[in-house]
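Trainee: Here's a structure for you.
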Amino acid sequence: MSEKIDYSKGIYDARQLGTGRMLILGLQHMFAMFGATVLVPLLTGLSVSTTLLCAGLGTLLFHLITGGKVPAFLGSSFAFIGGYNAVRTIGTNADGSAIYNNDLLAYACFGVAIAGLMYIILSALFKVFGVKKVMRYFPPIVTGPIIIAIGLTLSSSAINNCKANWLVAIV
């Protein structure tokens, strides 16, 4: 029988969860990350194969830089969908549906590259000042509602996408 785990202190080593829970969490992570990495380019008009290649290369580079200490997969972010659609939308049809110009996606990709530079700057701040000092400005009480707001903003889009085929959405 496994020992009682105090989840309030956080889990810093997934091995303490046991093999069964680790496999379940791993499968959940795989489905979530692969789904996002394929769905985001489909929704934005970008190339799925290029996105998968960049996600894989980015993940390998991340593991090389961190020495394999942080188990992570770097995939697509739903946070950029609004920006992509704002940049490529050039008008609306009579029925209210958007008219897209995918040639404008290069400008949106530049914005994502700038966001990447911001991530580099933030990581340098973490390195210089330490996690505790930086996290004083970004505690869970701040980051949690931001993530919730992004999810709620995208929920109507998710429902509209599900309307096309509820069976596929449920699976």
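Trainee: Considering only segment 66-97, state which residues are open to solvent by 40 Å² or more (accessible area, probe 1.4 Å) and of a type in the set (A, V, I, L, M).
Mentor: Val70, Leu74, Ala79, Ala86, Val87, Ile90, Ala94
Trainee: Within segment 49-65, which residues are more than 19 Å from Leu104 (Cβ to Cβ) and open to solvent by 40 Å² or more (accessible area, probe 1.4 Å)?
Mentor: Hits for segment 49-65 are Ser49, Leu52, Leu53, Cys54, Leu57, Leu60, Leu61, Phe62, His63, Leu64, Ile65.
Trainee: Here are the criteria: (1) within 22 Å of Val40 (Cα to Cα); (2) at pLDDT 85 or above; (3) of a type outside the set (Val, Ile, Thr); (4) open to solvent by less than 90 Å² (accessible area, probe 1.4 Å). Tell me which single one Leu117 does not satisfy.
Mentor: The one condition Leu117 does not meet is (4).
Trainee: Still on this structure: How many residues are open to solvent by 100 Å² or more (accessible area, probe 1.4 Å), over 26 Å from Lys69 (Cα atoms) and assigned to a helix (DSSP H, G or I) if we restrict to segment 1-48?
Mentor: Within segment 1-48, residues that are open to solvent by 100 Å² or more (accessible area, probe 1.4 Å), over 26 Å from Lys69 (Cα atoms) and assigned to a helix (DSSP H, G or I) number 1.
Trainee: Pairs please, first residue from segment 132-155 and part of a helix (DSSP H, G or I), second anywhere and surrounded by 11 or more Cβ atoms within 10 Å (Cβ to Cβ), Cβ atoms under 7 Å, 6+ apart in sequence or on different chains.
Mentor: Val134/Leu125; Val134/Phe126; Ile150/Phe78; Ile150/Ala79; Leu154/Phe78; Leu154/Ile81
Trainee: Turning to a different aspect of this structure: Give the number of residues within segment 50-76 that are free of Cβ contacts under 8 Å to residues at least 40 places away in the same chain and under 22 Å from Asn101 (Cβ atoms).
Mentor: 2
The values are calculated or read from the model by the stated rules, or taken from the named source; none is laboratory data. These numbers were taken from a predicted model, which means no experiment stands behind them. Cβ: placed from backbone, ideal geometry, glycine included. Neighbour counts: every protein chain shown. Each accessible area value is taken on the protein alone, full model and side chains, heavy atoms only, with ligands, DNA and RNA left out. Shrake-Rupley method; radii C 1.70, N 1.55, O 1.52, S 1.80 Å.
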